[in-house]
Amino acid sequence: MGQGTNSTAKKRDGFSSSFGVLAATLGSAVGLGNIWKFPSLTGAHGGAGFLLVYLLSTLLIGLPVMIAEITLGRKAKANPITALQTLAPSALPWWLIGASGVAAAFLILSFYSEVVAWVFAYVAKALGGSILSSSPEVTQSAFSALISDPLQSLLWQWGVLAFIGGILLCGVTKGIEAITKKLMPLLFLLLLLLGAVSLSLEGARAGLAFLFSPQFDKISASVVLTAMGLAFFKLSIGMGTMMTYGSYFRDDQNIPATAFRVMSADLCVSLLAGIAIFPAVFTFGFEPSSGPSLVFITIPAVFSQIPLGHGLMVVFFVLTAIAATGAMLSLMEVPVVILHERFGLARGKATLLTLMLLIVAGSGAALSHSTLAEFTVWNMSLFDLADYLSSNVLLPAGGIFIALFVGWSWGLDRFRQAVSNQGRLSNAALANVIFFLLRYVSPLLILIVMLRGLGLI
Ligand code: TRP
């Protein structure tokens, strides 16, 4: 369980064990995407039909791109910008993928940190019991009161950012890896508990039917883009997070197997979240498609009607906070390591600078339900805009270029060598399939879905 091969050249922090690699990578994938986005998007877009498109995107696009990113990161053992610069066989500016990744990280963190702020605020409120009510009007107004208060929105967001920054200050092994190793198993246990409670309710059958019976008529081009964007968002791909984490991978780690495990476990968490939420929604007669507020308005109302609901609600929000912590760590790590390695800032200074920049960048999203409520761009608040642009434009575009880089520039030989741990794993056939997907299938599919979904063709 030593530092592995990373300690030879320049001393670079990294994940110290195979379980640590899995926990940190899964910790990045699992987050608000599973608990806040997945159930509400599935609910809004017709259940199993959406799920099917999401699954196809994950397998045909998400998994190959994830494997590509991790492989590139581990090969270069550097941040995404340096990695693409050193790996690119030609003079084309592939490193721009890394640079746009930094922009994507800030965009995502600006709204993500605000939702996490609500979650942290809800842990406090749940402990105090003040949001426990069987009336949706009461839980609705509790949520509105929180998000429309500019000071509360900002302060909770800063608190969250400082908390995540504090963990990052401890480094990769002692910070990210140590925390996610403890939190991930706990998350699974808590979700299983909640799922079991929800399944014992009388609306369980209706909830499951909603989640698993397909309604294909709801699937439009923009819904397909939403499902694909969710696949990118869920797997933390398209912006350099997985490349960064790949650079901390051990050289003996089986990359395709790890990616497959992460994808499967992440899917289980999403489904478990759906199973924990929808039966309860149906049992108590809520609208399954009530959007992102599902978690903040419906859930408290549902818990108020379940035996031991108060305790379980605290559990639910703590669990969401845990999931979001691992994801935010991975998002923030990207600018931090770039500032550290490219601009020579000490890790502590890089973290503090990222924090300060985020406080500025995040204030637009934080205030977009209060002070800036009237301010819209293309009919979207700054919060929705950041969410829309990142999932539907930046991440898929990043995915196209990562796939193109591996498929057309880096090439099959280098890819096969790296994916097989220099020939130590015999996975040539698998590598060929992944390479084929990266060279032809993923970029074309992403492009078509994007152009159709954005209404450009
Ligand atoms: N995957 C995380 C979630 O589902 C969010 C996330 C973390 C992310 N790192 C990312 C999304 C990088 C896109 C890119 O909540």
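Annotations for the structure displayed:
- On Cα atoms only, tilt of 178-199 relative to the major axis of the chain in degrees: 40
- Point-charge dipole on Cβ atoms (K/R +1, D/E -1) for the stretch 308-457, about Cα centre, debye to 20: 580
- What the chain shows is 37 Å² of accessible area per residue, with the surface traced by a 1.4 Å probe over protein heavy atoms.
- Placing +1 on the Cβ of every Lys and Arg and -1 on the Cβ of every Asp and Glu, with nothing else charged, gives the stretch 20-163 a dipole about its Cα centre of roughly 460 debye.
- With Cα atoms, 0 to 90° folded angle of helix 96-128 axis to the chain main axis: 30
- Electrostatic dipole magnitude of the stretch 2-453 [Cβ: Lys, Arg +1; Asp, Glu -1; Cα centre; debye, to 20]: 1400
- Candidates Leu345, Ser90, Ala48 compared by Cα position along the dipole of the stretch 2-453: farthest toward the positive end lies Ser90, with charges placed on Cβ.
- Qualifying trypsin sites (Lys or Arg not before Pro) in the stretch 409-457, DSSP loop, other Cβ atoms within 10 Å at most 14: Arg424
- Note on surface exposure: Val269, Val53, Val360 rank Val360, Val53, Val269 by accessible area, highest first, 1.4 Å probe.
- Computed [θ] at 222 nm, deg cm²/dmol, the chain (DSSP H ≥ 4; -39,500 (n - 2.57); rounded to nearest 500): -21500 deg cm²/dmol
- Local electrostatic count at Ala324 - Lys and Arg +1, Asp and Glu -1, tallied over other residues with Cβ under 13 Å: 0
- Straight Cα distances below 30 angstrom link Lys349 to the lysines Lys10, Lys11, Lys75, Lys77, Lys174, Lys181, Lys182, Lys234, with same-chain residues fewer than 8 positions distant left out.
- Compared with the dominant Cα axis of the chain, that is its longest principal axis, helix 221-235 is turned about 70°.
- Exposed loop positions in the chain were taken to be GluC sites (Glu not before Pro) whose DSSP state is not H, G, I, E or B and which have at most 13 other beta-carbon atoms within 10 angstrom. Between these positions, the longest stretch is 1-201.
- Among the protein heavy atoms of the stretch 42-189, carbon and sulfur supply 74% of the accessible surface, probe 1.4 Å, non-protein parts ignored.
The values are calculated or read from the model by the stated rules, or taken from the named source; none is laboratory data. Every value quoted in this text rests on a predicted model; they were computed, and no experiment measured them. Neighbour counts are summed over all protein chains in view; Cβ atoms, including those assigned to glycine, are modelled from backbone coordinates with ideal geometry. When the accessible area is computed, the model is the full protein with side chains, heavy atoms only, and any ligands, DNA or RNA have been set aside. Shrake-Rupley method; radii C 1.70, N 1.55, O 1.52, S 1.80 Å.
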